[in-house]
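The values are calculated or read from the model by the stated rules, or taken from the named source; none is laboratory data. Only a predicted model underlies this, so the values are computations on that prediction, with no experimental measurement involved. Don't worry about glycine lacking a Cβ; one is built from the backbone with ideal geometry, like all the others, and counts go over all protein chains shown.
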Amino acid sequence: MKLKKIIIFFAPKLIVCFIILGIILAPKTAIKAAKEGISIWINILMPSLLPFVIGANLITSLKIVDILGIVINPLTQKIFNVSGKSGLIFAISMVSGYPVGSKFASDFRLENKISKYEGQRLVSFCSTSGPLFIIGSVGTGMLKNPKIGYLMLLCHYLAALSVGILFRNYGKEKKSPSNNSILSDINKIIYSSSKSEDFFVSFGKAVVNGVNTLLTIGGFVIMFSVFFEILYHFKIIDFISYFLCIFLTPFKITPDIIGAFISGLFEMTIGCNNLSQINNISYTLLIPLCSFLIAFSGLSILAQCSSFIGKTDMKVSLYIFSKFLHGLFAGIFTYVFLQFHKTCSVSNIFIDKNTNYTYYDFYIDHFTPILIIIIIIYLFTYLRELSS
């Protein structure tokens, strides 16, 4: 027990010291990695997450989640053993992506809207990637085919629902159905919302909260990009790749595949991109590996989500285990779907790399004016709070 405590105490300190030493010994590598992390944050995460985080904050403060939660409450209780309000976090996470689901589940627990066990059940399946990332960034951008993105998206959500059903009995806590009618519960919400703050005040706070959340996410992405690049620079990743290759060679898995996969365990965007650039990898291996990485989410996003969950009494270790199950299920489902569609000539589905201009491309190209408006609202609200 003493040895375990010593390891737990010193391990984070040694990792931090290693990162700082690596930055000192290889400053050019660290700067390059930081630039790549900033590029991912600005070009992928900002347009994919920021409007949805602000929107999610807003619909929560305007009690929309509460009203819709009452309507779907019987369904979510029966399937996932969570309240309807909690179940809607899954829908928010599906649209917004990481780490929004974990953040809102943690907020609900901090506000004592849900119990510890319901919160644990909730984060097990409400931490998902968004469709813009899977279809737009990975499917269209990296794998050059949006059809792959749709397949991975389907498997991603099926895997999340499977984990939610698996965790439904965690804590042996049974949600009791409400004795009130749906209309009476909605009336209570309407009456309480009449005393709530003005819409524009709520909107300003949603923008401030959203921008602060994205700044935190950006910091995590940049630091984990630097950490991985330092490991790669000092050949630690190469050593692990060649060591594992000894056991995985019979499965036609090469060191570059292992190295790319390990990079995804640190940051899923970098890992998926590295895997997509390998020439000697089959699609029946490439796509399930990418699917696993997106569902597992990587240490960068796990750290982001854990920073929210760690503020509550929920177990971070159990959350990480649920994400491993999510990745495992997503990879298996993707592989099974690919095998099922072999009769339809899988190669024909993936070879076509010419894609038309999509709504996603239009949105990305015109994100700058949206970002300028958000920054103006953020500064106005922040200055207003300082003056009050």
Here, helices (runs of 4 or more DSSP H) confined to region 1-84 with at least 3 residues that are at pLDDT below 85, under 26 Å from Val207 (Cα atoms) and hydroxyl-bearing (Ser, Thr, Tyr) are 46-61
Cβ-Cβ distance below 7 Å, separation of 6 or more or different chains: which pairs start in region 293-322 with a residue that is at positive phi and end on one that is in a helix (DSSP H, G or I)?
Ser297/Met268; Ser297/Lys323; Gly298/Gly264; Gly298/Leu265; Gly298/Phe266; Gly298/Met268; Gly298/Gly271
Per the filter on region 290-342, residues touching a Gly at 6+ places or on another chain (Cβ under 9 Å), farther than 19 Å from Ile135 by Cβ and of a type in the set (A, V, I, L, M) are Ile309, Met314, Val316
Give, as residue ranges, the helices (runs of 4 or more DSSP H) completely inside region 287-388 that count at least 3 residues that are at pLDDT 90 or above and β-branched (Val, Ile, Thr).
316-340
Which one is surrounded by the most Cβ atoms within 10 Å (Cβ to Cβ), of the residues in region 1-43 that are among the small types (Gly, Ala, Ser) and free of Cβ contacts under 8 Å to residues at least 24 places away in the same chain?
Ser39
Look through region 74-132, keep the residues that are without any contact (Cβ under 8 Å) to a residue 60 or more places away in the chain and of a type in the set (Phe, Trp, Tyr), and return whichever of them is farthest from Thr216 (Cα to Cα).
Tyr117
If you take the residues in region 98-112 that are part of a loop (DSSP other than H, G, I, E, B) and crowded, with 24+ Cβ neighbours inside 10 Å, which one is nearest to the chain's Cα centre (by Cα)?
Tyr98
Please state which of the following conditions Phe251 fails to meet, knowing it meets all the rest: (1) under 15 Å from Ile54 (Cα atoms); (2) more than 19 Å from the chain's Cα centre (by Cα); (3) free of Cβ contacts under 8 Å to residues at least 60 places away in the same chain.
(1)
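To keep it simple, each residue is scored yes or no on (1) more than 20 Å from Leu289 (Cα to Cα); (2) hydroxyl-bearing (Ser, Thr, Tyr); (3) assigned to a helix (DSSP H, G or I).
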residue	(1), (2), (3)
Ser86	yes, yes, yes
Gln120	yes, no, yes
Ser127	no, yes, no
His156	no, no, yes
Selection within region 227-256 - under 26 Å from Ala34 (Cβ atoms) and among the hydrophobic types (A, V, I, L, M, F, W, C)
Phe227, Phe228, Ile230, Leu231, Phe234, Ile236, Ile237, Phe239, Ile240
Odd one out for Thr140, checked against (1) part of a helix (DSSP H, G or I); (2) within 18 Å of Pro288 (Cα to Cα); (3) at pLDDT 85 or above; (4) among the hydroxyl-bearing types (Ser, Thr, Tyr):
(3)
